[in-house]
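*Asks:* Questions regarding the structure given below will be posed in turn.
Readers should treat all values here as calculations from the given coordinates under stated rules, not as data from a laboratory. Quick caveat: nothing in here was measured; it's all calculated off a predicted structure. Glycine also receives a Cβ, built like all others from the backbone with ideal geometry; neighbour counts cover every protein chain displayed.
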Amino acid sequence: MMFLWPYFKLVRNTMTKKNELIILNCFKTEDISTCVSLIKKGAVVVFPTDTTYGIGCDPYNIDSVQRIFEIKHRDTSNPLPVLAYSYEDVERMVLINNIGRTLAKAFWPGGLTIVAPIRDENIPMLVSANKNNIGIRIPQNRCILSVLSHCKYLVGTSANISSQSACTNPSEVLKSSMHGYDVLLNGGQVEKGVPSTIVELLESTFKIIREGAISSNEIRKLLGHNSESN
């Protein structure tokens, strides 16, 4: 049985007050609705995924995206990945080739980020760091999928200062040196604590950018060994 962190909630009516954190509970329907409403108003949210706790926002809100770079002390040359609710939503944002479809069928929802060419021209270039591709995945976590069922997309990068260890429960998030976000969505301890594996789709092959929750051996076994070297 998953251990549930104690439930706290600080109520505020607007996003104008600074340094006031709202803590919501993944297992309360009304709290999911509150979280969705705040995201649509520009909030930056920390939330559980199937890998680690993530930090995100509406990827179409450039001011919120900029805040994530600032909160994480992340260089803007380093693109931000996106979480999506469904495969149909993924295909609205990026162009998935046959290799990508095979990977998605095998590993989504789950800990695989696929880097693919951008289809949706409305995505701010800040998210992709001025590149023509972007990383995207469907997480296997009921809490964040509940949020995504309303938002469809969220920036979804690890909730930590860049180069520091990722967080796997709310206590680690609150004790970390990462500050300035608006909402913590409490889902207790996450299962894996390992970042997603990142695979870039190339014209006729693929490249494993980072090995994480899914092993490179699993990917190569599925697709064959015709991958480009890192």
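*Asks:* How far is helix 29-40 tilted, in degrees, relative to the longest principal axis of the Cα atoms in the chain, given as a value from 0 to 90 rounded to the nearest 10?
*Replies:* 70
*Asks:* So what's the angle, to the nearest 10 degrees on a 0 to 90 scale, between helix 142-151 and the longest Cα principal axis of the chain?
*Replies:* Long axis of 142-151 versus the principal axis of the chain: about 90 degrees.
*Asks:* Oh, and also: Looking at the square roots a ≥ b ≥ c of the eigenvalues of the Cα gyration tensor of the stretch 126-180, which shape do they give, rounded for a/c under 1.5, prolate if a/b is larger than b/c, or oblate?
*Replies:* Values: a/c = 2.32, a/b = 1.20, b/c = 1.93.
Oblate, since a/c reaches 1.5 and b/c is not below a/b.
*Asks:* What Rg and what Dmax come out for the stretch 22-228 when only alpha-carbon atoms are used, in angstroms?
*Replies:* Just the Cα atoms of the stretch 22-228 yield Rg and Dmax of 16.0, 48 Å.
*Asks:* Now for a separate question. Name every cysteine in the chain that ends up alone, with no second cysteine's Cβ under 4.7 Å, or say none.
*Replies:* CYS35, CYS57, CYS151, CYS167 - these cysteines have no disulfide-compatible partner (Cβ-Cβ under 4.7 Å) in the chain.
*Asks:* Now for a different question. Along its principal axes, what span do the Cα atoms of the stretch 129-230 show, with the longest given first and each in whole Å?
*Replies:* Principal extents (largest minus smallest coordinate, Cα): 43, 29, 28 Å.
*Asks:* What angle do you read, to the nearest 10 degrees and between 0 and 90, between the alpha-carbon axis of helix 98-107 and the longest principal axis of the chain?
*Replies:* 50
*Asks:* Moving on. How much of the DSSP beta bridge set in the stretch 22-228 is antiparallel, as a percent to the nearest 5?
*Replies:* Details: 18 of 32 bridges.
Looking only at bridges with both residues in the stretch 22-228, the antiparallel portion is about 55 percent.
*Asks:* Separate question: Kindly put SER86, SER215, SER77 in sequence by how many other C-beta atoms sit within 10 Å of each C-beta, fewest to most.
*Replies:* So the residues, fewest neighbours to most, are SER77, SER215, SER86.
*Asks:* What is the fewest-to-most order of CYS143, CYS35, CYS151 by other Cβ atoms lying within 10 Å of their Cβ?
*Replies:* If I rank by nearby Cβ atoms, fewest first, I get CYS151, CYS143, CYS35.
*Asks:* Hey, another quick one. Compute the semi-axes of the equivalent ellipsoid of the stretch 32-75, taking the square root of 5 times each eigenvalue of the Cα gyration tensor, and list them largest first in whole Å. Present the calculation step by step, with values, prior to reporting the outcome.
*Replies:* Working: eigenvalues 58, 47, 10 Å².
Square roots of five times the eigenvalues give 17, 15, 7 Å.
*Asks:* Translational D (Stokes-Einstein, µm²/s) of the stretch 42-107 at 37 °C and 0.692 mPa s when Rh comes from the Kirkwood sum over C-alpha pairs?
*Replies:* It diffuses with D of about 240 µm²/s by this estimate.
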